[in-house]
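S.K.: The following block contains the structure, expressed as structure tokens.
The values are calculated or read from the model by the stated rules, or taken from the named source; none is laboratory data. Every value quoted in this text rests on a predicted model; they were computed, and no experiment measured them. Cβ placement follows ideal geometry from the backbone for every residue including glycine, while neighbour counts extend to all protein chains displayed.
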């Protein structure tokens, strides 16, 4: 009897440990989250998700993420009148936020199609970022600092002060009046009521991916290749 009980405990122990540690998501499950959460319904392209996941998994394996459960994707292939920012909890398999996000003034009007890593261009920058701390500035108020990690594409983000912040031109009200969002000086700007909850969720070491089907970026990205 004791022997059978001992064998049963050996069988159940891994299951109990897994339950205590929360939901576990491996690479195969992460691939399935796109379908599980029906992200295509929310407008996120399959390519944007798969590329984001590929880079996320690499950064996670290299130990570069302090928080490896949250993945944020900005899909700049969509119209700025669409909710094209997605914050996904890969462990809990939950879409935490789906909201508007503005692109840079010289990146395009309704659609983003021109990108740069250079100061003074007022353009958005593609690629993978690691989120840093929150800050409060005199001009934009609460914001989230971003570290671009792709040389030649977004590694000047800190120098250019590319941050996530709230803006009145990144609201549904602005879209109703103008047919599209307003534009930033290069920052991914959110609706003012979204900046605090989003920033608090993705701050301090999570992965952010800004996507567009840009052949030059896709060919040269050190994270994806």
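S.K.: Filter the stretch 191-225 down to residues that are assigned to a strand (DSSP E or B) and touching a helix residue (DSSP H, G or I) at 6+ places or on another chain (Cβ under 6 Å) and give me whichever is farthest from residue 62 (Cα to Cα).
M.R.: For the stretch 191-225, the residue satisfying everything is 211.
S.K.: Restricting attention to the stretch 41-59, which residues are touching a residue at least 24 places away in the same chain (Cβ under 8 Å) and either assigned to a helix (DSSP H, G or I) or in contact with a helix residue (DSSP H, G or I) (Cβ under 6 Å, 6 or more places away or on another chain) (or both)?
M.R.: We begin by selecting, within the stretch 41-59, every residue touching a residue at least 24 places away in the same chain (Cβ under 8 Å); these are 42-45, 47-49, 51-52, 54-59.
Correct list: 47, 48, 49, 51, 52, 54, 55, 56, 57, 58, 59.
S.K.: List pairs: first in the stretch 74-97 and under 15 Å from residue 207 (Cα atoms), second assigned to a loop (DSSP other than H, G, I, E, B) and modelled with pLDDT under 95, Cβ under 8 Å, 6+ apart or cross-chain?
M.R.: 90/25; 91/22; 91/23; 91/24; 91/25
S.K.: Hey, another quick one. Can you tell me which of 98, 31, 38 is part of a loop (DSSP other than H, G, I, E, B) and either modelled with pLDDT of 70 or more or under 15 Å from the mean Cα position of the chain (by Cα) (or both)? Step through it out loud before you land on a result.
M.R.: On the way: 98 fails: part of a loop (DSSP other than H, G, I, E, B); 31 fails: part of a loop (DSSP other than H, G, I, E, B).
Just a single option satisfies the conditions, and that option is 38.
S.K.: Looking for something touching a residue at least 60 places away in the same chain (Cβ under 8 Å) and surrounded by 14 or more Cβ atoms within 10 Å (Cβ to Cβ) - is there at least one such residue anywhere in the stretch 137-144? Please lay out each step first, then the result.
M.R.: Here is the first cut: in the stretch 137-144, the ones touching a residue at least 60 places away in the same chain (Cβ under 8 Å) are none.
Within the stretch 137-144 (the criterion being touching a residue at least 60 places away in the same chain (Cβ under 8 Å) and surrounded by 14 or more Cβ atoms within 10 Å (Cβ to Cβ)), the answer is no, since none of the residues qualifies.
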